[in-house]
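The values are calculated or read from the model by the stated rules, or taken from the named source; none is laboratory data. As the structure is a computational prediction, the values presented were derived from the model and not from experiment. All Cβ positions, even for glycine, are placed from backbone atoms using ideal geometry, and neighbour counts span all protein chains on display. For the accessible areas, the whole protein counts, side chains as well, though only heavy atoms, and no ligand, DNA or RNA atoms are used. Shrake-Rupley method; radii C 1.70, N 1.55, O 1.52, S 1.80 Å.
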Amino acid sequence: MEFSEVREYQPGDDIRLIDWNVTARAGRPYIKRFVEERELTVLFVVDISASGLFGSLRSKLDAAIEVVGTLMFSALKNNDKVGLLTFGSEVTSYWRPAKGKSNVLRLIRELVACPPVYGPANINEALQYVNRVLKRRAVVFLLSDFLAPEMGRSLAMCARRHDLIALAVSDQAERELPDVGFVRLFDPETGQTLEVDTSDTRVRRWLADDWNRRGEQLDKQLQKAKVDRLNVDTTEDPLSELRKFFRARSKRFR
């Protein structure tokens with residue numbers, strides 16, 4: 001609800017809405033009037049670190065861009081303001097939220113053209129930047145593979161000021177390494193190369209255990225900060241999952 005104006009008190013009005021400052025100046029009671037604010041401010045915070053280049057059928061970054069485009073056009077239909085922030089080890093670009101189809105198309109073009117940033121993602125700095133630039137409450141979509149250090153405090157601070165939603169982008173090969181013999185793996189964020197025997201069950205089990213451990217840690221941080229999570233898989237169509245997610249949120253809020 002957003003403040004609109006004051007008007008003179010009428011019998012039956014809620015006395016809790018009386019504006020005592022105006023009442024004292026005018027010598028007779030006045031109440032505040034509010035209108036429901038339906039237009040939202042939506043900000044997409046997208047991790048463009050080089051780990052997003054990984055993917056089986058398509059990269060994690062491509063999957064994130066598809067989700068962002070889908071949600072941006074949904075916001076456009078609702079006449080919401082839409083903005084974009086990209087980050088890697090630091091914030092790389094920020095476009096202030098604005099209305100209109102031309103704005104949405106420009107943001108999508110800018111996101112597609114963003115080169116991947118080498119180095120680990122710094123989610124803490126990105127969320128702190130969001131809190132500095134957004135003065136009013138907004139819907140903030142955070143898209144990342146969340147291969148980042150502890151971020152619980154930053155998540156909680158941002159979630160207190162905004163409606164923060166985490167979209168965790170992953171690929172099946174990260175969760176379950178296929179048995180294809182010896183492979184050479186390159187980490188685009190650190191530049192390190194490692195040879196791995198994928199036929200060794202111990203190696204595959206270690207990778208699966210490590211993935212599950214990191215997933216549990218992320219879940220704990222998000223739950224403690226009261227942040228909703230939606231998983232985005234590079235091998236699946238995100239549209240059906242988005243529908244289920246927002247349908248469930250709608251029921252919960254009602």
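In the chain, helices alone account for a calculated mean residue ellipticity at 222 nm of -13000 deg cm²/dmol, with every DSSP H run of four or more residues adding -39,500 (n - 2.57). Calculated on the alpha-carbon coordinates, the convex hull of the chain measures out at 152 cubic angstrom per residue.
Averaged per residue, segment 25-140 has 51 square angstrom of accessible surface, using a 1.4 angstrom probe with ligands and nucleic acids left out.
Comparing Cα centroids, segment 70-125 and segment 160-235 end up 24 angstrom apart. Within the listed set GLY69, GLY100, GLY27, the Gaussian network model of the chain (springs between alpha-carbon atoms below 10 Å) gives the highest mean-square fluctuation for GLY27. Each pair of Cα atoms in segment 21-164 enters the Kirkwood radius, and Stokes-Einstein at 10 °C and 1.306 mPa s then converts it into a translational diffusion coefficient of 96 µm²/s. In segment 120-254, the ratio of gyration radius to Kirkwood radius, Rg to Rh, stands at 1.03 when only Cα atoms are counted. Here the Karplus relation 6.51 cos²θ - 1.76 cosθ + 1.60, evaluated at θ = phi - 60°, turns the backbone of segment 77-90 into coupling constants of 4, 8, 6, 7, 7, 10, x, 9, 10, 10, 8, x, 6, 8 Hz, with x for every Gly and Pro. Largest accessible area first, the residues LEU194, LEU105 order themselves as LEU194, LEU105 under a 1.4 Å probe with ligands, DNA and RNA left out. Report the paramagnetic label zone for SER199: residues of segment 168-184 whose backbone N is under 15 Å from a point 7 Å from Cα along the Cα-to-Cβ axis. Residues 178-184 qualify, since their backbone N sits under 15 Å from the label point.
Using a 7 Å offset from Cα along Cα-Cβ at GLU66, what residues in segment 231-254 end up with backbone N under 20 Å from the label point? From segment 231-254, the list is 231-247. Once the C-beta distance of GLU241 and ASP210 is scaled by a Förster radius of 25 Å, the resulting FRET efficiency is 0.50 to the nearest 0.05. A cut-off under 15 angstrom between Cβ atoms defines the neighbours of ILE15, and their net charge, with Lys, Arg +1 and Asp, Glu -1, is +1. Of the accessible area of segment 1-113, computed with a 1.4 Å probe over protein heavy atoms only, carbon and sulfur atoms account for 50 percent.
The calculated FRET efficiency for GLN223 paired with GLU5, based on their beta-carbon distance and R0 = 45 Å, is about 0.60.
Just to be sure I understand: with springs between alpha-carbon atoms less than 10 Å apart, which residue in ASP62, ASP19, ASP200 has the highest mean-square fluctuation in the Gaussian network model of the chain? Evaluated over the chain, the most mobile residue of the options is ASP19. With K and R counted +1 and D and E -1, the other residues having a Cβ less than 14 Å from that of LEU239 yield a net charge of -2.
Of the listed pairs LYS99/LYS224; LYS32/LYS81; LYS32/LYS251; LYS99/LYS220; LYS99/LYS135, which have alpha-carbon separations greater than 29 Å here? LYS99/LYS224; LYS32/LYS251; LYS99/LYS220, as the Cα separations exceed 29 Å there. When the Gaussian network model of the chain links Cα atoms closer than 10 Å, the mean-square fluctuations of THR70, THR86, THR234 top out at THR70.
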